[in-house]
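Asker: Could you have a look at this structure, given as structure tokens, before my questions?
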């Protein structure tokens, strides 16, 4: 694939930044939907986490098919297909609200996430390819800052629209329905814009390959461990985001209402946004692997404080982990995928499959919270950050030469 000149590549990068904003914001809305559905359907912590399981399971099931679609249709046409799928998922909230069934909401979330998966499989390698290889980690971190901008704005607005209502159940589900209907209208507009842009990118067709071939990349230790790192990172980040509202509402933490707690979730994602803008610069000065290990170690320290402290200090410590999360996804992605060349779409597909950590780790965290308590359940994301720190130390060594051309 080659871009039609530096100016056109810069224009496409700005456009991809907008995609990061959109799918990041929609993903973070789950943190507001979880406490609403937990109260509405009288769910346990583990049952409420099924929201994340339904959403992030789509990454596991749809990532490799999405990579195959990229090879067939190209990046921008595939992005349009993903956005259209996201629109369908948003529209499914209408029958879910009408039926008033928890399972119907889970189905809508799965379809929505299938579209998000397709868009993310496109966006990650595309932003890496639209520029110099040496600055790919910095560029992807900058793009992820726009993702974090979406995750900051959407929970704040969503908490105003969705949380705090004390109306009847049917009205409460309608509040969720109307929020996602508004998103569907915006997605239709974005889809049309993406489709209009499809001719701006010249792409060389990737060689056809069976889906199972992508799994051979896991035989390469750096890539395999990087995929595990993505699993752990997304699992930890989503687990913390999912319990934040309920955690901050605790009498021994901040003792605030659900709407106020939901608005503070924006600070968790806002820390990630700020850290990504700063991190894009730091990654040009500090080796990415070293910065990754340092960020994971800082997250471990903050988790320990959140679990052992009381009052506002406990809540602020958990919120501050968003700052540590900031550079993790783009840095792990870039370290794992270094040198994949024409297999970049396959690598992105597998990496996005690893995002299924957001389906599994929160469910484990929810079970731990039911059995032991919310603070004790923080041990689960702590184990994840320990694994990420270990990958950062491992990835300090340079990748194999001509990795993309080696046999698996």
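A short reminder: the numbers here are calculations on the coordinates, not readings from a lab. Keep in mind it's a predicted model, so treat the numbers as computed, not measured. We place every Cβ from the backbone using ideal geometry, glycine too, and count neighbours over all the protein chains shown.
Asker: Relative to the first principal axis of the alpha-carbon coordinates of the chain, what is the inclination of helix 312-325, with its axis defined by its Cα atoms, in degrees from 0 to 90 and to the nearest 10?
Answerer: 10 degrees
Asker: Continuing with this model, one more query. Want the number for residue 396 to residue 372: 0.36 nm per residue separation, take away the alpha-carbon distance, what's left? Before the final figure, lay out the partial values.
Answerer: Numbers: separation 24, 0.36 × 24 = 8.64 nm, distance 3.71 nm.
Taking 0.36 nm per residue and subtracting the Cα distance, the gain is 4.9 nm.
Asker: Let me ask something else about it. Quick one: helix 169-197 against the long Cα principal axis of the chain, what's the angle to the nearest 10°, folded into 0 to 90?
Answerer: 20 degrees
Asker: As I understand it, the value is the acute angle between the Cα axis of helix 136-162 and the longest principal axis of the Cα atoms of the chain; what does it come to in degrees, rounded to 10?
Answerer: Tilt relative to the chain: about 20 degrees.
Asker: Round to a whole angstrom and tell me the spacing of the C-alpha centers of segment 48-66 and segment 222-262.
Answerer: Computed from Cα coordinates, the inter-centre distance equals 17 Å.
Asker: Connecting C-alpha atoms closer than 10 Å in a GNM of the chain, tell me which of 304, 236, 196 has the biggest fluctuation.
Answerer: The residue with the greatest mean-square fluctuation here is 196.
Asker: Please report the relative contact order for the chain, taking Cα pairs under 8 Å with a sequence separation of at least 6, and give it as a percent rounded to a whole number.
Answerer: For the chain, the relative contact order is 27 percent.
Asker: Among 27-40, 98-111, 63-76, how do they line up from the highest to the lowest mean number of other beta-carbon atoms within 10 Å?
Answerer: Details: 27-40: 23.6, 98-111: 17.7, 63-76: 21.1.
In decreasing order of mean packing, 27-40, 98-111, 63-76 become 27-40, 63-76, 98-111.
Asker: Moving on. Quick check on the chain: helices-only [θ] at 222 nm, where DSSP H runs of length 4 and up contribute -39,500 (n - 2.57) each and the sum goes over total residues. Nearest 500, please. Before the final figure, lay out each step's value.
Answerer: On the way: 18 runs with 316 residues, N = 408.
Mean residue ellipticity at 222 nm (helix-derived): -26000 deg cm²/dmol.
Asker: At a Förster distance of 22 Å, what's the computed FRET efficiency of residue 41 paired with residue 186, Cβ-Cβ distance as r, to 0.05?
Answerer: Working: r = 28 Å, r/R0 = 1.25.
Efficiency at R0 = 22 Å is approximately 0.20.
Asker: How high is the FRET efficiency from residue 379 to residue 160, r the C-beta distance, R0 45 Å, rounded to 0.05?
Answerer: On the way: r = 33 Å, r/R0 = 0.73.
Efficiency for this residue pair is about 0.85.
Asker: Give me the extension gain from residue 212 to residue 61: residue separation times 0.36 nm, minus the current Cα-Cα distance, reported in nm with one decimal. It would help to have the intermediate numbers written out before the result.
Answerer: Numbers: separation 151, 0.36 × 151 = 54.36 nm, distance 1.31 nm.
Gain on extension, residue 212 to residue 61, equals 53.0 nm.
Asker: Next question. Using a Förster radius of 56 Å, what is the FRET efficiency between residue 102 and residue 284 based on their Cβ-Cβ separation? Nearest 0.05, please. All intermediate terms of the calculation are to be shown ahead of the outcome.
Answerer: Values: r = 47 Å, r/R0 = 0.83.
Using R0 = 56 Å, I get an efficiency of 0.75.
Asker: Here's another thing I want to ask about it. Under a point spin-label approximation (7 Å from Cα along Cα-to-Cβ), what is the residue 14-residue 219 distance to one decimal in nm?
Answerer: 4.5 nm
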